[in-house]
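The block underneath contains the structure these notes are about, expressed in structure tokens.
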Amino acid sequence: MSKSLDSFKCRKTLNSGGKDYVYFDLTEAEKNGLDGISRLPFSMKVLLENLLRNEDGRTVKKEDIQAVAKWIDDKGESGYEIAYRPARVLMQDFTGVPAVVDLAAMRDGIRALGGDAQKINPLVPVDLVIDHSVIVDEFGKPSAFARNVELEYERNGERYRFLKWGQKAFENFRVVPPGTGICHQVNLEYLGQAVWTKEEDGETVAYPDTCVGTDSHTTMINGLGVLGWGVGGIEAEAAMLGQPISMLLPEVIGFRLTGKAKEGVTATDIVLTVVQMLRQKGVVGKFVEFFGEGLDSMTLADRATIGNMGPEYGATCGFFPVDTETLNYLHMSGREADRIELVEAFCKAQGMFRESAGDDPVFTDTLDLDLGDVVPSMAGPKRPEGRIALENIAAGFEKSLADEYKKDASTLHDRHQVEGQDYDLGHGDVAIAAITSCTNTSNPSVLIAAGLVARNANRLGIKQKPWVKTSLAPGSQVVAEYLANSGLQDELDKIGFNLVGFGCTTCIGNSGPLPEPVSRTINDKGLIAAGVLSGNRNFEGRISPDVQANYLASPPLVVAYALAGTVNKDLTQEPIGQDKDGNDVFLRDIWPTSHEIQEFISKYVTRDLYETKYAEVFEGDENWRAVDVPEGETYAWDDDSTYVQNPPYFVGMGKTPEPVTNIENARILALLGDKITTDHISPAGSIKADSPAGRYLMDNGVQPLDFNQYGTRRGNHEVMMRGTFANIRIKNYMLGEDGKTGGYTIFQPDGEEMSIYDAAMKYRQENTPLVVFGGKEYGNGSSRDWAAKGTILLGVKAVIAESYERIHRSNLIGMGVLPFVFKDGMSWADLELKGDEQVSIVGLEGLQPRQTAKANIKYADGTEKDIELLCRIDTLDELDYFKNGGILQYVLRDLADTAEAA
């Protein structure tokens, strides 16, 4: 960080704990010309401090800082562009491996341009937490954890060797080994500091802890007062390499919380309500900041649960300011006393500390929730915002059976014998019940509640249904420890919720295979089986290929549905089962009180657990320590590896970029509907043997049993480009309204049906450019850079949609794909496209941000139509990235030029 120009004379010294810290004082800046900034939302104050500290006259100018002060008047509607520099970067291994692959490839690339490989190093702290690779192969037995760990290392040895090389080769880069926890919970419990410090020119600079992460649920850290959100791996790599993140000053929606939750209502119920309200409000691309007296009684874990699901309500972040509860959590979770003292002193000096009786900030708009109005709920069967009150789950499933899954209502209660078993299955039976994901496994209140539900059920002799695959994957070792110490893990074990691993598991599709007889019955009989999970995502095809109806629920409800075995019961009225004497038992009979939950938390969730479990967090277990580490400043690529390959992004790249040209006579690769997720575009789950990716692996000697999954193969572009648009649930309307799903298209002009990958390669041979059409919210869901990388590697030059989710739009530009939106509410359906048309987009030679371009549609019958499209390159920085062919190419050329100039 170079010294700020300090136009507003606010560089001051703060003494905390007997030590001096340099900081940029917002109170002083207000006196010196930034009128009214004390009334800014807390999240906007973080952005303002960032600009004041990084003012250099080039990337951050005085007028940029003044634009933030003017936010009070325009409330984010100016669309003003700023350059933002986060303090650090967070990664998980699914997205982290390809990011480190790209860094390794950049070292080769800069050498090819005559530069120094050592120039490619993170310039800000980077932490990669390996948490996405464990799969629930074994479950419901004491040996499940050990066996799943064994399989994890067998499958991922190549990836882990590569990451250990990266940890050794790159400066400023740390790896948290497998088996530690989920990245967002490790971030919350250990990595996040609320206030960050850095030694510079003999002084210690203090500033707000901020981060970006290569996982959309990085927003969980907002609960700790840390401004953070998800970005694609390519954008994160640029931030690592010293490039500012280009962003527009956001609108900030204030979400006022009042009252207190009723007895029996969980944090999950609250967050599902918040998600539904904010989706209805429409907050895509906006900040959400929570305020109001309801925060006074809300634990930090509850705040983190709400912050976590920012991507589900569509916001860039869901921010909670630092307050007394933040300080209490920092102490409880083992942070050092001098850091906690600095957090309090710094935030109070900056006007960044929330006081219960303080004035509310100015917001763009507000909405309100009385926590006393929240009722027990789940969300499903395939959207996180699809909240349904618990009492309506059974009726909702019956309606979905007809409306969503096109099943005859008369088949709702049909039963089918499972071969070799003493039970039968029908629609709505729960095949998966998983306590999983970062959303809830950070929260002691719902984890303890799940254990108490299990204990109470055990006392009455109620067992889980035999067809339910049960699993418990805590978010950190701390959780496992307090469940064990309290005796509640023993209770969970008795009904099948044994520890299966520390990682994301079911929520990201790592649910593992169902027992073969169950899977066969579901598929042979066309059953709509249900999954109930304490996760944040239930998109189609994500959880399991066998389970179509998935419901997000609190951990205690996950346990309850494992006992009930079906979503066809109203658990508020119907018995969950029978006790050992044959008496009906209802959910209310086994549900713990909030007082009982709090007693367990007070006794078993303690500071010493955090201190002990995080004492040697980077060391790993004996498996990690045994992984061999290759040497060298550049990576020795193994051409035979099916996990890690040198990507082709820099092949033949010159020192100057090629000029932007028009798109002429492109063919349509896919016509896609609304809410196409990054899961649809680049699945993370299982690889089918008869898919292009499966055939590639078998051609390279990998048997289907060892395919692993797309998520763990993200270091190999050959697998990932073959998997692009290959989700089993994706529907390409070029195949007709009733055409098959799963990544197929019609090759034109021949009219031959084939996989999207095969068609793309055939078009490439003919030098035919491609476009993809989409609907509303194209690319929502995870911040998955491979959804953009795969798109460009297939030869897609442009995506034309009705609207985009923020991260995917940015990622497309970062890989050199043009994102366009229809103007005036138009859609591809309005144009009566069938997929056999040709598309030309002109006026691109002098491309500017948010430029209108003309598209010509040439129909198969020879008729033509011209339409206008809006180019969603929003900023000048994004334009520079696109002109260079992508953000990585831009950074590489910049570093090579810097080296030459030196």
By the mean-Cβ-within-10 Å protection proxy, highest first, 315-322, 407-414, 45-52, 530-537 rank as 530-537, 315-322, 45-52, 407-414
Within the range 88-248, pairs of Lys residues whose Cα atoms are less than 24 angstrom apart, provided they are eight or more positions apart or on distinct chains, add up to 4
Among GluC sites (Glu not before Pro) in the range 229-296, those in a DSSP loop whose Cβ has at most 15 other Cβ atoms within 10 Å are Glu263
Taking the alpha-carbon centre of each part, the distance from the range 271-320 to the range 199-265 in Å is 13 Å
Highest mean packing first, using Cβ neighbours within 10 angstrom, the peptides 568-580, 381-393 sort as 381-393, 568-580
So, for the Cα atoms of the range 319-360, Rg and Dmax in Å stand at 10.5, 31
Taking Ile676, Ile543 and counting other beta carbon atoms within 10 angstrom, the fewest-first order is Ile676, Ile543
Rounded to the nearest Å, the spacing of the alpha-carbon centers of the range 451-472 and the range 72-89 is 49 Å
Asserting the computed 222 nm helical MRE of the chain (DSSP H runs at least 4 long, -39500 (n - 2.57) per run, divided by residue count, to nearest 500) equals -9500 deg cm²/dmol
The answer for the net charge of residues other than Val796 whose Cβ lies under 13 angstrom from its Cβ, with Lys and Arg +1 and Asp and Glu -1, is +4
From the cross-link list Lys260/Lys494; Lys75/Lys823; Lys12/Lys603; Lys262/Lys407; Lys281/Lys463; Lys740/Lys797, the entries with a Cα-Cα span beyond 32 Å are Lys260/Lys494; Lys12/Lys603; Lys262/Lys407; Lys281/Lys463
Expressed as a whole-number percentage, the relative contact order of the range 59-125 with C-alpha contacts under 8 angstrom and at least six residues apart is 29 percent
Where a ≥ b ≥ c are root eigenvalues of the Cα gyration tensor, a/c under 1.5 meaning rounded, otherwise prolate if a/b exceeds b/c and oblate otherwise, the range 501-596 counts as oblate
Charge tally for neighbours of Ala484 with beta carbon under 13 Å away, counting Lys, Arg as +1 and Asp, Glu as -1, is -3
Checking the range 703-788 for GluC sites (Glu not before Pro) in a loop per DSSP with at most 12 other beta-carbon atoms within 10 Å yields Glu737, Glu766
Once the in-chain neighbours fewer than 8 apart are removed, the aspartates and glutamates whose Cα is under 13 Å from Lys465 read Asp422, Asp424, Asp429
Computed over the range 88-248, the relative contact order (Cα-Cα under 8 Å, seq sep at least six) in percent reads 29 percent
The answer for the per residue Cα convex hull volume of the range 64-164, in Å³, is 192 Å³
Taking a ≥ b ≥ c as the square roots of the Cα gyration tensor eigenvalues, with a/c under 1.5 meaning rounded and otherwise prolate when a/b beats b/c or oblate if not, the range 753-872 comes out rounded
Burial-style ranking of 781-794, 821-834, average other-beta-carbon count within 10 Å with highest first, yields 781-794, 821-834
To the nearest 20 debye, the chain has a Cα-centred charge dipole, built from +1 on Lys and Arg Cβ and -1 on Asp and Glu Cβ, of 240 debye
The range 377-613: Kirkwood hydrodynamic radius (Cα pairs, Å) comes out at 17.8 Å
Rounded to the nearest Å, the spacing of the alpha-carbon centers of the range 681-716 and the range 813-848 is 32 Å
Mean separation of Cα contacts under 8 Å (at least 6 apart) over the residue count of the range 642-710, i.e. the relative contact order in percent, is 29 percent
In vacuo Debye sum over C-alpha of the range 402-477, base-10 log of normalised intensity I(q)/I(0) at q = 0.11, 0.12, 0.21 Å⁻¹, listed in q order, is -0.46, -0.54, -1.01
Gyration tensor on Cα atoms of the chain, a ≥ b ≥ c root eigenvalues, a/c under 1.5 rounded, else prolate if a/b beats b/c, else oblate, says rounded
Scoring only Lys, Arg, Asp and Glu (+1, +1, -1, -1) among other residues with Cβ under 15 Å from the Cβ of Leu671 yields -3
One quarter of the C-alpha convex hull surface, i.e. the mean projected area of the range 88-248 in nm², amounts to 11.6 nm²
Rounded to the angstrom and largest first, Cα extents along the principal axes for the range 581-702 equal 71, 47, 37
Cross-link reach from Lys348 to aspartates and glutamates, straight Cα distance under 12 Å and at least 8 residues apart if same chain, gives Asp25, Asp323
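Quick note: the coordinates plus some simple rules give every number you see, no bench work behind them. Just so it is clear, the structure is predicted and the values come from calculations on it, not from any experiment. Cβ coordinates were reconstructed from backbone atoms using ideal geometry, including for glycine residues, and neighbour counts include every protein chain displayed.
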